[in-house]
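What follows is calculated from the coordinates using simple rules that are stated; it is not laboratory data. None of these values were measured; they are calculated from a predicted model. As a convention, Cβ positions derive from the backbone with ideal geometry for all residues, glycine included, and neighbour counts pool all protein chains shown.
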């Protein structure tokens, strides 16, 4: 080994020249076989140390000189040719399951995920925009309607009871006009319903007959509707809580003029009656059967009672029928998907509502859905009555109940175990 070779080996990073090689001016270093037969392994190592790709192995010729092995490239395809030639890297490996070569790198094989077609992306964008606009519309409508609701101080300080309980009252304001039957004046509640959703998910709706004889706190025994006339919503709530043993969580009052406006806003409601009626006091005029009626006749339908021999009991059944028919109409596609009708309904409904503090439009909506569920589920119940025509000193003929029966009835509603009475 000469002096130049030693210096090259000692210089850091310099390529190492094979020991068995000669350098020519202007040329490149080539390995010199050590013998005629040659050492293939030594040649390959020498080429690798020189930083060059090794040549194919040579076969010994007649003169003892190795001849290059000839490869028939026509018999091989691109990938096989690369694999067959020694010292050359094989074809690139496929990634993400895509195709190899340029086509695979340019196409879907680059990312492994196919692009979403343009029509689908456009449809998804439009759907998102539609949902945003619809949500904004309903949110704005709800805020506007909620701002129109009048709130009153109606709830008591009684300890809460399990579940959620609504007291719904239909008020008939008669400023300065005497109310027949019990001598009260001013406004009164002609319709009262108790709606309860128990902890187990069961929902119950009970009509409270206005003529039910109850003990009104601070006044004594009177008909239930007299509590509203004597002390407004707060006294009515206290009276109902004392009578049923259930704490009221939400109070919702609907003015009778609101019934007309709500029905007219949705067009009509379908109501059925089992006889021809021409009642002068309520204004109800209907023939036997089912009819689509407007607001005026719907109001007469829920108020009429003098034509019916069952009086207040028959009226509470018609009131429940009206509520069910109204819920069906409000949730029908022709109303729910019509923006103009939605505005009319929200305006008419909110203008006629009075609710307890903290009870908003969302709570009223939940109440409506719970009422519909109770009616469709067969849990619109009738409270037990001992005497439907009990004579009193101050209130004429009233409905008498048994205290033990009432306690057991509302107790089963409170814990969600009440069952509807079997059909007779």
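At-a-glance table
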| read-out | value |
| --- | --- |
| Pairwise FRET efficiency - residue 385 versus residue 337, Cβ, R0 = 60 Å, nearest 0.05 | 0.90 |
| Peptides 230-237, 360-367 ordered by average Cβ neighbours within 10 Å, highest first | 230-237, 360-367 |
| Highest average packing first - 250-256, 200-206, Cβ atoms within 10 Å | 250-256, 200-206 |
| Pair residue 219, residue 257: separation of 7 Å Cα→Cβ label points (nm) | 2.3 nm |
| Length gained when the stretch residue 116-residue 139 is fully extended (0.36 nm per residue, less Cα-Cα span) | 5.0 nm |
| Estimated distance in nm for a label pair at residue 275 and residue 128, the labels positioned 7 Å out from Cα along Cα-to-Cβ | 6.4 nm |
